[in-house]
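All remarks here apply to the structure that follows.
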Amino acid sequence: MFTGIVEDLGEVVAVRHLSDAAQITIRSGVVTEDAKSGDSISVNGVCLTVIAVDNDTFTADVMRETLDRSSLVKAAEGDRVNLERSVKLHDRLGGHLVQGHVDGTGTIVHREPAAHWDTVRISLPVSLARYVVEKGSVAVDGISLTVSAVADDYFEVSLIPETLKRTTLGSKAAGDLVNLEVDVLAKYVEKLLKEGVR
């Protein structure tokens, strides 16, 4: 479980493609400080399990399901990625509850710079639209964000300077792919309402 508060911008240093999976190695002096095999680290919003740590790099397996659902299918050496270690039970919950289970991808449609923030419009898959509401929470590439506007096929977020400086959304442009995770509580409520109380 994560909070969507990015700890570090890491760098992909190697991607090894396998027949039905991949292994990705990422450099970060922050998240490797106390990392060990078996730990969970969010990489652009995808919960990955550490299989090896070597100084300031860690390696994780990426299975076919993850490649099919996330932008990690396009990960390449030199890419910058948002990183967050799993939350501890005694930590502050600065963002919202983020599982690291990507629901799908969206594309940055437009960004509008302002004096003190950027507004970013992101395409919204039809299958996820019902879970995204104005002033609700959404994770974009693992970043906990508040939805500032929503329509049938897109939503908007407003990014403060800190977010622009510390995450990949500071440099992403129209046409770039991003990982989306909607609020898990909305999915549970929907399921309960469909099934009814027993």
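Taken together, the values in this text are just the output of simple stated rules run on the coordinates, not laboratory data. If you're wondering where the values come from, they're calculated on a predicted model, not measured in any experiment. We place every Cβ from the backbone using ideal geometry, glycine too, and count neighbours over all the protein chains shown.
Key figures for this structure:
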read-out: Prolate/oblate/rounded call for the range 1-114, Cα gyration tensor, a/c under 1.5 rounded; value: rounded
read-out: Between the range 110-138 and the range 10-52, the Cα center-to-center distance that results, in Å; value: 27 Å
read-out: Inter-probe distance in nm under a simple model that places probes 7 Å from Cα toward Cβ, at I160 and S148; value: 1.3 nm
read-out: Length added when fully stretched, E134-D61, from 0.36 nm per residue minus Cα-Cα; value: 22.8 nm
read-out: Per principal axis, descending, Cα span of the chain in whole Å; value: 52, 45, 39
read-out: Efficiency of FRET from Cβ geometry, D54 and T107, R₀ 35 Å, rounded to 0.05; value: 0.55
read-out: Protection proxy ranking, peptides 43-54, 15-26, average beta carbon neighbours within 10 Å, highest first; value: 43-54, 15-26
read-out: At R0 = 30 Å, FRET efficiency that the Cβ-Cβ distance of A174 and S37 yields, to 0.05; value: 0.15
read-out: Angle between the chain longest axis and helix 184-195 axis [Cα atoms, degrees, rounded to 10]; value: 50 degrees
read-out: Linear extension gain, D68 paired with K194, 0.36 nm per residue minus alpha-carbon span; value: 42.6 nm
read-out: Charged-residue dipole, Cβ positions (Lys, Arg, Asp, Glu), the chain about Cα centre, Debye nearest 20; value: 360 debye
